[in-house]
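Only one structure is covered here, and it is reproduced in the block below.
No value in this document is a laboratory result; all are computed from the given coordinates. The model shown is predicted, which means the values in this text are computed figures rather than measured ones. Virtual Cβ from ideal backbone geometry, glycine too; neighbours counted across all protein chains shown.
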Amino acid sequence: MYNDNNENDSQYRYSGSDIPYNNTNNNSTANNNTAFSSAPYDAKKHKKHKGGFAKKAACFVLSAVLFGAIAGSVMVGVNYAGGKIVGSNKSNATGVNISTVSNNISNVAKTDSAITEDTDLSSSSKMDVEAVATAAIPAMVQLNGTTTVKSSSYFGYGQSYEATSSGTGIIVGKSDTELLIVTNAHVVDNIDNLKCVFSDGTSASCSVKGSKSDQDIAVAAVSLSDISSDTASNIAIAELEDSSDIKVGQQVVAIGNALGEGQSVTTGIISAKDRSITVNNVTFTGLLMTDAAINSGNSGGALLNSEGKVIAINFAKTSSDGVEGMAYSIPVSNVKDIIDSLMTKQTRNKVSSDKAAYLGIAAVDITSNYASYYGYPVGILIRTVADDSVADKAGLETYDIIVGFDDQTVTTMSGLTNMLQYYEAGEKVTIDYYHMEGSEYVLKSTEVTLGSKKAS
């Protein structure tokens, strides 16, 4: 079962993987390094932070979730084969077109006898759940991988074991060489052996282009050369919809890899807008609340309107006793710019350990709770800097707080360490950090040439 060692019990849980969202390093010192837990860091939003005590902010606490039980709402299981694609079934999908969900819905409307000729799915007040599900499921994928979970006993003895992870992704685009997939950052961060399973049951290796942990958004990619034209004819590209005009009471459909057992469908309504919750010491704002059943494995899945367009990305649920029908989704409008930016980033794979980048620091995490209480920026507080290391040569000092790496936000040392596994020694990157000047933290940037642990 999931065990969160944080001092605050969690009221909310991620609806993502079937393993705990490992946060065991939050308040411990870590040596040097990050995985993909970030996206473009906006320096304009963080100019100065005053030191000293600040008024303690009240907040909810979230945690990760293990496999949970399937909750109420309507569940519809549907599989759909999209429109035919030109090309040999034996060849890969490079250079071919892939159907869109809206085209699929149009096709369903033409062939489904239950839908009359005067039915307009885009304007109808009554959602045809089956039509939406049938058209949209081909745009959903299962994201499976492995991670190392560290646990400790009452006496301080620890052990590590490998666990499987399951979440959901949404196919949102295609370049000349890659199929692009949006998901939650916590679904792919710190995950090894990431695989994408398509609606036809085929799978392919998946790489993370980048992620932004403070918004829990990530973009992954599958090489088109790894996708057969057969599979391409059975998948679809979802369309991201402006969610600013969403109405409370509006019907929605949620699709995701519930319990890691394949795509399932639930339906409900928008219960509330502009809600804020805190998960693993990160506060998320502007969220949609829905009563559609969101369960373990649903993280990164789609919340759809009557047109089959993605209006939000599912990521968390209430886990308190006696509470039902309270799940949370990230509105597309809040993260569209982030998604667009991440889609353009270089796709990276882990490099060999002898080539992996190294900074040469030991640090602790400044969580949102600590930041609110003490008036610090959220980020990675440097405790020590190794002599003649990359960090030392770059001018980083004890008590500096790292917040950005290579135009991506970083908030945890474990995230930074994981990220460095995707960069080779010798690459040049920019590090954004806060430095104390007088009684204020001032945002600075420095360009560094990454080193190797062996060289350091």
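Relative intensity of the stretch 274-419 on a log10 scale, I(q)/I(0) at q = 0.10, 0.12, 0.16, 0.17 Å⁻¹, equals -0.50, -0.70, -1.05, -1.11, per a Debye sum over C-alpha point scatterers of equal strength in the absence of solvent. Each residue, Asp337 and Lys195, gets one label point 7 Å from its Cα in the Cβ direction; the gap between the two is 3.9 nm.
Could you estimate the translational diffusion coefficient of the stretch 132-287 from the Stokes-Einstein equation, with Rh from the Kirkwood formula over C-alpha pairs, at 10 °C and 1.306 mPa s, in whole µm²/s?
The Stokes-Einstein estimate is 92 µm²/s.
The convex hull around the C-alpha trace of the stretch 343-456, projected and averaged over every direction, spans 7.3 square nanometres.
By the Cα gyration tensor, the stretch 290-369 has an equivalent ellipsoid whose semi-axes, rounded to whole angstrom, run 33, 21, 13 from largest to smallest. Rounded to the nearest 20 debye, the dipole size of the stretch 176-251 about its Cα centre is 160 debye, using +1 on the Cβ of Lys and Arg and -1 on the Cβ of Asp and Glu.
Averaging the sequence gap over all C-alpha pairs within less than 8 Å and six or more residues apart, then dividing by the number of residues, gives the stretch 178-228 a relative contact order of 45 percent. The gain in end-to-end length when the Asp387 to Ser175 segment is fully stretched comes to 71.9 nm, 0.36 nm per residue minus the alpha carbon separation. Each label point was placed 7 Å from the Cα along the Cα-to-Cβ direction; for Met436 and Glu261 their separation is 5.3 nm. For a paramagnetic label modelled on Lys247 (point 7 Å from Cα along Cα→Cβ), amide N atoms under 20 Å away belong, within the stretch 325-354, to 331-333. Can you tell which of Phe315, Thr412, Tyr358 lies farthest toward the positive end of the dipole of the stretch 310-426, using +1 and -1 charges on the Cβ of basic and acidic side chains (Lys, Arg; Asp, Glu)? My answer, from the dipole projection, is Phe315. Fully extending the segment from Lys444 to Ala362, taken as 0.36 nm per residue of separation minus the present Cα-Cα distance, adds 27.6 nm. With a threshold of 22 Å on the Cα-Cα distance, the over-threshold entries among Lys428/Lys453; Lys212/Lys336; Lys350/Lys444; Lys174/Lys247; Lys350/Lys453; Lys273/Lys309 are Lys350/Lys444; Lys174/Lys247. Summing charges over neighbours of Ala185, with a neighbour being any other residue whose Cβ is under 9 Å away from its Cβ, gives -2 when K and R count +1 and D and E count -1. Rg and Dmax of the stretch 212-265, both derived from C-alpha coordinates alone, stand at 15.5, 43 Å.
Once both labels are positioned 7 Å from their Cα atoms along Cα-to-Cβ, the gap between Lys428 and Gln346 label points is 1.2 nm. Seen from Ser207, the other residues with C-beta closer than 12 Å to its C-beta sum to a net charge of +2, counting Lys and Arg as +1 and Asp and Glu as -1.
Normalised by the number of residues in the stretch 307-395, what is the relative contact order in percent for Cα pairs under 8 Å and 6+ residues apart? With pairs under 8 Å counted, the relative contact order is 19 percent.
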